[in-house]
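Worksheet for the structure shown next.
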Amino acid sequence: MKTQRIAELEKLCAERGKSPKISHFINDYHYSALNMFSECELWEKTAKAMAYAIENQDIYIYPEDRIGGRIYHRDQIKPEVTDPELDGDSEAKKAFKELYPNTDDLERYHLIGETSKGHITWFFDRILSLGVSGLRKKFEDALENPKDEEAEHFYKGVIILLDALQSFNDKHIEEYEKAGNTELAERMKKVPRYPAETFREAVQSFYMQHIVVMRENPYGGNGPGRLDYYLWPYLERDIKAGRCTLEEAKEIIDELFLRIDERLYGMDMWVEAIVVGGSYPNGCSAVNPLTYIMVQSIIDLDITHPSIYIRLPKDPPEELVNLAARYMMAGRNRAQILYDPAVTDALVNRGIPYRDAVEYACGGCMEVSVQGMTSDLLFVGWQNTAKMLELMVTGGLCLRSGKQIEGFEATKSLAAYNDFESFYSDFIKECTRLTEIYLKKQDIYSEYAEKRRPSYLISSMLDDCLERGRNMHGGGVRYHDYGASQVALPNVADGLYAIKVAVFDKKLCTASELIEAMKANYKGHEALQAKLRAIPKYGIDDDDVDAMAARVVDDFTDMYLNYTTRWGGKGKPVILTFIYSPHAASMLGATPDGRNLGKGVAHGLTPNSPSMTEGITSAINSCGKLPHKKLAGGASTMWDFDSSWASEEIIAALIKVFCENNGQIFQGNTTPVEELLDAQTNPDDHLNLIVRVGGYSARFVTLPKELQNDIIARIRHNG
């Protein structure tokens, strides 16, 4: 339970979050680059302009503060004049178009996705254990003998940014002393400059570095990762020394979470994930008392940030499984559960040693990365795989617009094929070509980010940037992987299986008849539509169609895993839907399995809602037959429940079934459909209704209508 102080603080943070202070950070960044550092080399300009903007942020303190430091991300003043050298996105886009000029249609229909930044975790514990001074010393030592000029510039850039972090911290000290908060002022004199010794010091050190790193890298999806794992040793020592109790630690964590939410209030799609529980490198459970405290804290508080995800180790403690179930029921649709053996197996299969793989976390939605060892191009966007199948069937004709899609090279329709295997082979070949173009797009963006967005501060806390003398985009980070989501793979599996059975195996129709029915949205072809809908679907625990789903997932993951990035990394499929499901569905015409135009598509690896006719256990069993070992970027599933049926006991049992089937990520909603419908009609009565969208949680009434409808339309399992 939250204390009276936390309850009062919760109200204050919400009030401030609703009306955030206006930041001049971006203005300072570009102004200083253009007017103060214009004569500097690019590496130095980017470092000094970022440092100037960090150091000159406004200082906000309040009487109730026990954690120091505060910044705001919303409503930043956009600079009237920008320095084009500071961000290479437009140049990267131009370079991509020069290399691939006929991709407008492919991008419009998300056959080739966009590029975005973010979704990274870092080793913030280096600030906790070494202090800024200790980490700075490592780069000073490296600067004495750099391997080349580029390494020298990198080390100098890191030092400039570490000094800016310390300078911003120090500006708070005098203000807190003036306000009479000498206890916090004294704490901030010690940390983050020097190593933390107590739990309060560790939390303070963590938060100051976190808000400054998030200023340097202001992208949703960057997050702390394993916070309980790195903070627990400090609390454990405090408890043994009698300096802190678990109850006091709970109040500290509550305040930390409220501070994070205040900074991001109303920005629900901005996800900063904390992953609790998990395993040690020796495979033993890393679950500790802070694991339970952090989950209970997010249950207690009326906030949407940070996102708290539970890692279940092998043979998880019964108490942790029950907590996960309670979180699903009482956590107001914010829960996400990850199963360690399934996730680490996929990372090891990708080529990551187990010692690194066990450090995995989610920076944001649910993309899986190794904490502190990847760049921030890990999750960049999505592809509409169901649209790829539609165009393969029609020979490149869009059923929505009636136009031929430029750049789609597979122009033979299904009617030109005499057997399923030839059709399937060409389909995979075309999808592979599109995916390779998409990943090449990330290579181009990475090249520009290396010089224009060196991210010196966060790179100082990533393996192996120090040793290599390079920033994360310049080949410094250990695993330079790119990831994106292949949306609607279950729909592709259902469509392909329907084609195989109806056109080639049982000859229920010809390919031309199927194409004409799809073009007509099955109007006038209702008899054929009924036959197509009667064909088994992925999600009913049918071995034949599940084998097709496994084949599809296997081949689509290879499209990523077989790609080698510019610094020797891999492409990684990240199977999630985020806000993409209604967008993907809006691009589709009728599909080969009898689905009408305008209907939704599947979420992650969850079977499509209308396909789960045999109940949730059968659907989980179908999902368990997929090659999870190849899904190195993470694979989400969405299981929404009828609240009149679901209980903590039932949810705990289903989580165990999910883990036994080697599932990776389990999430869902428990809010009754009736309440969601009422919230659409009477939004003012449901301002605090939180739902799991798919990768993040949000206040339902703030979502676009199409997303609300998508959530309402999902099947509610009731046994």
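The values are calculated or read from the model by the stated rules, or taken from the named source; none is laboratory data. What you see is a predicted model; the values in this text were computed from it and never measured. All Cβ positions, even for glycine, are placed from backbone atoms using ideal geometry, and neighbour counts span all protein chains on display. In case anyone asks, the SASA skips ligands and DNA or RNA and just uses the protein heavy atoms, side chains included. Shrake-Rupley method; radii C 1.70, N 1.55, O 1.52, S 1.80 Å.
Structure values in brief
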| read-out | value |
| --- | --- |
| Furthest towards positive pole of dipole, Ile499, His153, Ala342, structure part the chain, Cβ charges | Ile499 |
| Separation between Cα centres of the range 160-235 and the range 438-460, rounded to whole Å | 27 Å |
| Total charge dipole magnitude, the range 189-258, about the Cα centre, Cβ charges on Lys, Arg, Asp, Glu only, Debye to nearest 20 | 320 debye |
| Structure-derived percent of Cα pairs over 44 Å apart - corresponding label in (1) 23; (2) 39; (3) 48 | (1) |
| The chain, dipole about Cα centre (Lys/Arg Cβ +1, Asp/Glu Cβ -1), debye to the nearest 20 | 620 debye |
| Charged-residue dipole, Cβ positions (Lys, Arg, Asp, Glu), the range 324-388 about Cα centre, Debye nearest 20 | 340 debye |
| Ordering of 598-605, 395-402 by burial proxy (mean other Cβ atoms within 10 Å per residue, highest first) | 598-605, 395-402 |
| Which of Met267, Tyr219, Gly242, positive extreme of dipole for the range 215-278 (C-beta unit charges) | Gly242 |
| Ordering of 145-155, 33-43, 373-383 by packing [mean C-beta count within 10 Å, highest first] | 373-383, 145-155, 33-43 |
| Distance (nanometres) between label positions extended 7 Å along Cα→Cβ at Leu42 and Thr702 | 3.7 nm |
| Cβ-derived FRET efficiency at R0 30 Å, Lys314 paired with Asp426, nearest 0.05 | 0.10 |
| For peptides 534-542, 642-650, sequence by mean Cβ density within 10 Å, most packed first | 534-542, 642-650 |
| Sulfur and carbon atoms: percent of accessible area, the chain [1.4 Å] | 49 percent |
| Pairwise label distance in nanometres, Lys523 with Arg433, each label 7 Å out on the Cα-Cβ vector | 3.4 nm |
| Computed [θ] at 222 nm, deg cm²/dmol, the chain (DSSP H ≥ 4; -39,500 (n - 2.57); rounded to nearest 500) | -15500 deg cm²/dmol |
| Å² of accessible area per residue within the chain, as computed with a 1.4 Å probe and no ligands counted | 35 Å² |
| Amide H within-cut-off set for Gln336, under 5 Å, with H built and near neighbours excluded | Ile310 |
| Residues with amide H under 5 Å from that of Gln486, placed H, sequence gap 5 or more | Gln383, Val574, Leu576 |
| Cα-projected label distance for Arg400 with Lys137, points at 7 Å along beta-carbon direction, nm | 5.9 nm |
| Cross-link pairs Lys156/Lys572; Lys2/Lys314; Lys18/Lys440; Lys412/Lys506 - those with Cα-Cα distance over 29 Å | Lys156/Lys572; Lys2/Lys314; Lys18/Lys440 |
| Signed unit charges on C-beta, dipole axis of the chain, positive-most listed residue Ala547, Ser285, Tyr445 | Ala547 |
| Set Lys21/Lys93; Lys523/Lys599; Lys21/Lys48 screened for pairs whose C-alpha atoms are more than 21 Å apart | Lys21/Lys93; Lys21/Lys48 |
